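Worksheet: the structure to be examined is printed underneath.
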Amino acid sequence: MFTIVDLHQLRYFVQVARERNFTRAADALAVAQPSLSQQIRKLERRLGFDLFDRGPAGAKLTREGELLLPLAKSVLDRVQEVEVAAAEIRGMQRGQITIGASPIAGMRVLPVLLRAVRERWPGLVVRTREEGLSRLLDLLEAGEVDLALVLLPNADPHLVCVPLFTEDVVAVLPADHALAARNVLTLEDLREEPFVLLSQRYGVRQLVVDECERAGFTPRIALESGDVGIVQGLVAAGLGVTIIPASAVRRDLVIVARPVLSQGERPQRRIGLAMRSDRYVPIAARRVFELAEGMIL
């Protein structure tokens with residue numbers, strides 16, 4: 001079995017293989033070159049074969065060394081994972097995670113969630129990645145984010161989700177629009193209106209299109225933007241109407257927001273926090289996920 005000293009020998013072996021030179025490897029490891037050479041010789045004697053062909057041009061891996069190198073790297077990678085996990089367990093002081101959030105849902109979730117994280121684990125570094133909800137699913141699958149806000153329900157069997165909140169979507173119109181006097185609108189009322197919609201990277205865009213088609217028409221999209229503030233500014237300018245989550249409505253523009261009905265019901269969107277079950281999730285991310293399960297937004 002390998003001991004701690006043997007792990008050092010493996011690190012020396014990997015570094016010499018990387019540098020192809022004992023002197024440069026010793027400099028990179030901040031050890032004396034004779035000491036490094038001695039440890040490599042001890043490792044070779046223990047293994048029963050040479051790892052390097054040594055010559056004036058440097059150190060070249062032997063065939064046996066080439067076979068051993070990926071295994072040595074794998075061992076050191078696993079050791080590093082153990083060290084990181086142990087550090088996270090010791091108070092979450094060295095953990096680092098990335099959470100993906102859409103601009104709209106993130107405004108509601110992140111301040112509450114990150115405040116709770118900071119109070120419980122002040123040493124945990126949380127980075128955020130801002131994208132539309134549909135794009136976040138791709139980032140989660142690719143491992144570029146550890147946790148992500150998603151639309152629920154989601155049919156992916158590898159997603160583990162905790163529901164966070166449900167909210168209505170509302171119709172937003174210019175304040176002087178003929179329909180602004182009504183307290184409640186139906187999608188049919190908006191059939192002939194030009195729509196100003198969020199771009200396709202936003203999940204709410206598809207929700208609006210789907211609900212309009214259920215009501216028997218395809219929305220006439222006059223303008224679109226990737227910024228929910230700009231969308232509402234265009235509405236205030238009289239360039240169309242929009243449908244957005246209620247929490248995103250701006251109060252500083254000359255617009256009105258009205259509940260909207262689709263086939264007698266208010267369209268809603270459900271937002272949850274998700275991680276994947278088919279890939280490694282850092283311990284810190286799992287703890288944050290568990291923390292979110294008890295949150296009320």
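Taken together, the values in this text are just the output of simple stated rules run on the coordinates, not laboratory data. Being a predicted model, the structure only gives us computed values, none of them experimental. For neighbour counting, all protein chains shown are included, and Cβ atoms are generated from backbone atoms with ideal geometry for every residue, glycine included.
Computed FRET efficiency, Cβ-Cβ of Met295 and Leu223, R0 22 Å: what is it to the nearest 0.05?
Numbers: r = 36 Å, r/R0 = 1.63.
Given R0 = 22 Å and the Cβ-Cβ separation, E is 0.05.
Working note: Karplus 6.51/-1.76/1.60 with θ = phi - 60° gives the range 222-235 the couplings 8, 8, 8, 8, x, 10, 5, x, 5, 3, 6, x, 5, 5 Hz, where Gly and Pro are set to x. Distance between the C-alpha centres of the range 26-54 and the range 243-297: 56 Å, rounded to the whole angstrom. Take the alpha-carbon positions of the chain, form their convex hull, and give its projected area averaged over all directions (one quarter of the hull surface) in nm². The orientation-averaged projected area of the Cα hull of the chain comes to 21.9 nm². Peptides 21-30, 145-154, 164-173 ranked from most to least packed, by the mean per-residue count of other Cβ atoms within 10 Å: 145-154, 164-173, 21-30. The string of couplings for the range 39-45 from the Karplus curve (6.51, -1.76, 1.60, θ = phi - 60°) is 5, 5, 5, 4, 5, 5, 5 Hz, one whole number per residue in order, with x for Gly and Pro. Each of Tyr280, Tyr12, Tyr202 was scored by other Cβ atoms within 10 Å of its Cβ. Listed from fewest to most, they are Tyr280, Tyr12, Tyr202. The alpha carbon gyration tensor of the range 164-282 gives principal lengths a ≥ b ≥ c with a/c of 1.5 or higher and a/b greater than b/c, which makes the shape prolate.
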